[in-house]
Amino acid sequence: MSNKLLKVDIQKELKEFDLKVDFELKEGCLGIIGPSGCGKSMTLKSVAGIVDPDEGIVSLNTGDETVYFDSNKKINLKPQDRNVGYLFQNYALFPNMTVEENVAIGLPKDYDKNILSDMINRFQLGGLEKRYPRQLSGGQQQRVALARILAYGPDVILFDEPFSAMDTFLKEQLRIELVKLLKNFDGLSIMVTHDRDEAFQFCDKLIVLDEGKIIAKGDTYDIFENPKKVQVARLLGCKNISEVEIIDDYHIKSVEWGITFEVPEKISSNITHMGIRAHDFSAAEKEDINAFDTKNATLLEMPFEWEITLANGLWWKYDKHIDDHEFKVPEYIKVDPKDILLLEG
């Protein structure tokens, strides 16, 4: 377990909005998720020292505290004086340097050659040492970039949309490699992404950003299970969201779908919407709790699921085997009360 503590509490005025983020990271990987242009990459660059916040503090405690930035004390360490590795979207390899020269670039002049050979082996770059970046695949370039970062033993690694420019097959391979890498990494890491699957797969903790403000913060599993706010639920992939009328303590009516639902907990007065994930419906009998009919449903076959769109606009995804081409939409479907998300607008 890491004994490090990264503190970030910064503000920066941007063209569209003011960025204001405040978090601490003690171990593992923190995910920052949000729509494009919400301030995710700007947060990373502020930690790395690539851009300067207008005010605030960035510090890392590894037994002794190192202040990277403090607007009050006029402290602002250069990027090269912060023990932070930054993996850019395009990897930022030096095009006129070989693989081994790229990996060694951050090491001192009298570096131990064993460190270089260990990184070459660890990232499966053997045989590629004399090649240049243009002679490498996207996956190989990413491995070189990661080897370069880890060679000098950073306390923090920052990942900025690391898989954004890759095809699906390569992305899956590199995700698996990166999961293994982070398990063996004794430092802290932050991953910026707009991909909820990546956030779920890599990140122990999660921050959801929208227009420069943190709208959710906590354990990744907890936020996915109970997003609490409409914007968070949408960002995390909830397909069915509707405004509601509160009928009584345990019943709400969907304005959009015209259906009244029972919920498992007392509804607070600040609930304005509800959400149902597309996989959370199941076949039902008419008299079941939260059952409703599926008249005039539209059925679309995908390789591994059926997509059913109901006349009222609800969207249901039903898993299938690739060779199973027969499916009859049941007359009634239902949602378990515990699977209904109660959301604030």
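Filter region 80-91 down to the residues that are touching a strand residue (DSSP E or B) at 6+ places or on another chain (Cβ under 8 Å) and of a type outside the set (Ser, Thr, Tyr), then identify the one that is most open to solvent (accessible area, probe 1.4 Å).
Looking at the filtered set, the residue picked out is Gln89.
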**OP:** May I ask you to list the residues in region 311-327 that are within 18 Å of Ser242 (Cα to Cα) and in a loop (DSSP other than H, G, I, E, B)?
**Re:** Ala311, Asn312, Gly313, Leu314
Original post:
For the subset of region 228-245 comprising residues that are surrounded by 16 or more Cβ atoms within 10 Å (Cβ to Cβ) and part of a strand (DSSP E or B), which member is farthest from the chain's Cα centre (by Cα)?
Top reply: Val244
Original post:
Counting only residues that are crowded, with 17+ Cβ neighbours inside 10 Å and among the small types (Gly, Ala, Ser), which one in region 253-296 is farthest from Leu235 (Cα to Cα)?
Top reply: Ala284
Original post:
Out of (1) closer than 30 Å to Gly56 by Cα; (2) open to solvent by less than 30 Å² (accessible area, probe 1.4 Å); (3) modelled with pLDDT of 85 or more; (4) not acidic (Asp, Glu), what's the single condition that is false for Met119?
Top reply: (1)
Original post:
How many residues does region 195-239 hold that are within 16 Å of Ala278 (Cβ to Cβ), touching a residue at least 40 places away in the same chain (Cβ under 8 Å) and either acidic (Asp, Glu) or in contact with a Gly (Cβ under 6 Å, 6 or more places away or on another chain) (or both)?
Top reply: 3
**OP:** Those residues that are closer than 27 Å to Glu198 by Cα, more than 24 Å from the chain's Cα centre (by Cα) and surrounded by 14 or more Cβ atoms within 10 Å (Cβ to Cβ), I need them from region 124-170; list them, please.
**Re:** Leu125, Pro133, Leu136, Ala151, Tyr152
Subject >> Checking Lys320 against (1) under 26 Å from Ile215 (Cβ atoms); (2) of a type outside the set (Asp, Glu); (3) modelled with pLDDT under 95, the condition it does not meet >> reply: (1)
**OP:** Please tell me if Tyr132 is closer than 25 Å to Lys12 by Cα and among the hydroxyl-bearing types (Ser, Thr, Tyr).
**Re:** no
Original post:
In region 255-309, which residues are modelled with pLDDT of 95 or more, among the acidic types (Asp, Glu) and part of a loop (DSSP other than H, G, I, E, B)?
Top reply: Glu256, Asp280, Glu285, Glu287, Asp288
Subject >> Number of positions in region 93-114 that are more than 15 Å from Tyr152 (Cβ to Cβ) and either open to solvent by 40 Å² or more (accessible area, probe 1.4 Å) or modelled with pLDDT of 95 or more (or both) >> reply: 6
**OP:** Could you list all residues from region 197-221 that are modelled with pLDDT under 95, in a helix (DSSP H, G or I) and surrounded by fewer than 19 Cβ atoms within 10 Å (Cβ to Cβ)?
**Re:** Asp197, Phe200, Gln201
Original post:
Which one is modelled with the lowest pLDDT among residues in region 18-70 that are open to solvent by less than 30 Å² (accessible area, probe 1.4 Å) and more than 19 Å from Ser189 (Cα to Cα)?
Top reply: Cys38
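Could you please give the count of residues in region 304-325 that are open to solvent by 70 Å² or more (accessible area, probe 1.4 Å) and over 20 Å from Gly237 (Cα atoms)?
Here the count works out to 5.
The values are calculated or read from the model by the stated rules, or taken from the named source; none is laboratory data. Just so it is clear, the structure is predicted and the values come from calculations on it, not from any experiment. Here Cβ is always computed from backbone atoms with ideal geometry, including for glycine, and neighbour counts include all displayed protein chains. The accessibility values were calculated without ligands, DNA or RNA, using every heavy atom of the protein model including side chains. Shrake-Rupley method; radii C 1.70, N 1.55, O 1.52, S 1.80 Å.
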